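One structure below.
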Amino acid sequence: MASQQLTLILPAFSVVVANPINQSFLPQSLKILMKRGTFIESEDRFFQQLLSLFSEETRYWDDFPMARLRGGTEFSLCVEPCYLQADRDQLLLFHHGLDISMDEAEQLIASIQYLFDDLGASLSINTANQWLLSMPIEPDIELTCVDKVDRHPVTEFLPKGADARLWIRLWNEIQMVLFDCPVNQAREAQGKVPINSVWFWGKEKMPDEWQTWSHVSGQDETLKQLSHYSGSEWLENIDHFTDIQAKHALHLAHFDPDKDWSTQMEVLDKNWLTPIYKALKRFQLDSVHIVIPEWGTYHLTPTSAWKIWL
C-alpha cells in the first residue's frame with residue numbers, strides 16, 4: 001500500500017454519530033478510530049466541507065460556484081426545487097429527500113419558465129432535483145448555498161444586493177404558480193410533500209487557488225467536477241482502500257441514510273475502516289482524516305492508532 005496520507009469523507013453520517021441511539025450501528029473499527037483520533041468539531045455542511053478540501057479560501061463563503069461546476073457559465077444560477085413549511089411566523093426550507101421524478105421536474109420547469117422570459121433566462125435540468133438557470137447577464141445579487149439554508153428559516157438568507165427586490169419578487173411569484181401546479185396536487189394525493197418553492201444559489205466565482213490531490217474517488221458528481229477543476233487525479237470504480245495507490249488521496253464513501261444502515265456499515269467497515277485501522281497500526285499510513293459534515297474531523301496517525309488504553 002503506497003498511500004501515505006488519506007482523507008475519507010463520510011457524507012450524511014452526522015445522523016448516525018450525533019445520536020447516541022444511532023451510534024449502536026457504528027462498526028467497532030470506527031468507534032476505535034473516533035476514540036483515538038484528535039477531534040475538531042465543525043458545523044460545516046457537505047458542500048462547504050467538500051469545497052474547502054480543494055480550496056481553503058472557500059471555507060467561510062456563503063455561496064459556492066456550483067452553477068459552474070454543473071456546467072453553467074459565469075452568468076448561470078442553480079435553481080433548487082424545495083419544500084417550504086410554515087412554522088409559526090416563519091418558513092423553513094427543505095431540499096433533501098424530496099423524491100422528484102424527471103417527469104415531475106419537466107412539468108414544474110414548464111410551469112414557471114415564463115416568469116424568467118423578461119430576463120432572457122432559460123431553465124434546464126441537470127438532474128430531477130438540480131436545475132440550472134442560464135442568463136445573458138450577471139445579476140447583482142448575493143446568494144446563500146442551499147445546504148446552509150436547509151432546515152432553517154429562510155428570511156435571513158434571502159437574496160441581497162442591488163437586484164435583490166427583483167429576485168425576491170420572482171421567488172414569491174414562483175411559489176404562487178407552484179401552489180396550483182397539477183404536479184403538486186398529484187404529489188399531495190400520493191402523500192408526498194409539494195415542490196412549492198425553489199432556491200437560487202451557486203453563482204459564486206471559482207477559487208483563485210486550488211489544492212491538488214494525487215487521487216480523488218467516490219460516487220459524487222460534484223467531487224468529480226472539483227477534481228477536474230483543481231487538476232487532481234480522478235479515478236473511477238474505487239471500492240476498497242487497497243485500490244488506492246497514491247501518496248495524497250481523497251475518497252468519498254457514499255452513505256444513504258434512507259437505505260439499510262447495517263448493510264452499508266458492513267461494507268464500509270470491510271472495505272475501508274478496518275483496512276485503514278490496520279494500515280495505521282502497521283505504519284503504512286502517515287495520517288488519516290475522517291471528515292463527517294455537520295459534525296467534525298478526526299485526525300489519526302500511527303501513534304494515535306496504538307493508544308490501546310482509549
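The values are calculated or read from the model by the stated rules, or taken from the named source; none is laboratory data. Values in this document were obtained by computation on a predicted structure and should not be read as measured data. A quick note on method: Cβ atoms are made from the backbone with ideal geometry, for glycine too, and the neighbour counts reach across all protein chains shown.
Flag: ASP117 matches the condition of being surrounded by fewer than 17 Cβ atoms within 10 Å (Cβ to Cβ), in the same structural domain as LEU84 (by TED's automatic domain parsing) and either assigned to a helix (DSSP H, G or I) or out of contact with any Ser or Thr (no Cβ under 7 Å at 6 or more places or on another chain) (or both).
Elements of the type helices (runs of 4 or more DSSP H) sitting completely within the stretch 139-248 and holding at least 1 residues that are loosely packed, with under 15 Cβ neighbours inside 10 Å: these cover 164-179, 182-189, 221-230. Of the candidates ILE100, ILE109, the single residue that is in contact with a strand residue (DSSP E or B) (Cβ under 8 Å, 6 or more places away or on another chain), surrounded by 15 or more Cβ atoms within 10 Å (Cβ to Cβ) and free of Cβ contacts under 8 Å to residues at least 40 places away in the same chain is ILE109. For the stretch 179-200, does any single residue satisfy the condition of being touching a strand residue (DSSP E or B) at 6+ places or on another chain (Cβ under 9 Å), aromatic (Phe, Trp, Tyr) and either farther than 30 Å from PHE25 by Cα or in contact (Cβ under 8 Å) with a residue 12 or more places away in the chain (or both)? Yes, that holds for at least one residue. Just checking, does the stretch 185-192 include any residue being within 20 Å of GLN130 (Cα to Cα) and modelled with pLDDT of 95 or more? The answer is yes; a qualifying residue exists. Between PRO153, PRO139, PRO65, PRO81, the distinction of being closer than 23 Å to GLN190 by Cβ and under 25 Å from the mean Cα position of the chain (by Cα) belongs to PRO81 only.
State all residues of the stretch 243-284 that are β-branched (Val, Ile, Thr) and within 23 Å of THR212 (Cβ to Cβ); if no residue qualifies, say none.
Hits for the stretch 243-284 are ILE244, ILE276.
Here VAL79 meets the list (1) closer than 20 Å to LYS205 by Cα; (2) assigned by TED's automatic domain parsing to the domain that holds ARG187; (3) outside any strand (DSSP E or B) almost entirely, failing just condition (3). Restricting GLN219, GLN264, GLN175, GLN245 to residues that are closer than 25 Å to CYS145 by Cβ and not assigned by TED's automatic domain parsing to the domain that holds GLY72 narrows the list to GLN219. Can you pull out the residues in the stretch 281-299 that are in contact with a Lys or Arg (Cβ under 9 Å, 6 or more places away or on another chain) and surrounded by 18 or more Cβ atoms within 10 Å (Cβ to Cβ)? Result: PRO293, GLU294, TYR298. Among the residues of the stretch 3-33, the one identified as out of contact with any strand residue (DSSP E or B) (no Cβ under 6 Å at 6 or more places or on another chain) and among the aromatic types (Phe, Trp, Tyr) is PHE25. Cβ-Cβ distances below 7 Å connect the following pairs, each with a first residue in the stretch 266-288 that is without any contact (Cβ under 8 Å) to a residue 40 or more places away in the chain, a second residue that is in a helix (DSSP H, G or I), and a separation of six or more residues or different chains: ASN271/PHE241; PRO275/PHE241; PRO275/THR242; LEU280/PRO302; LEU280/ALA305; LYS281/PRO302; LYS281/ALA305; PHE283/PRO302.
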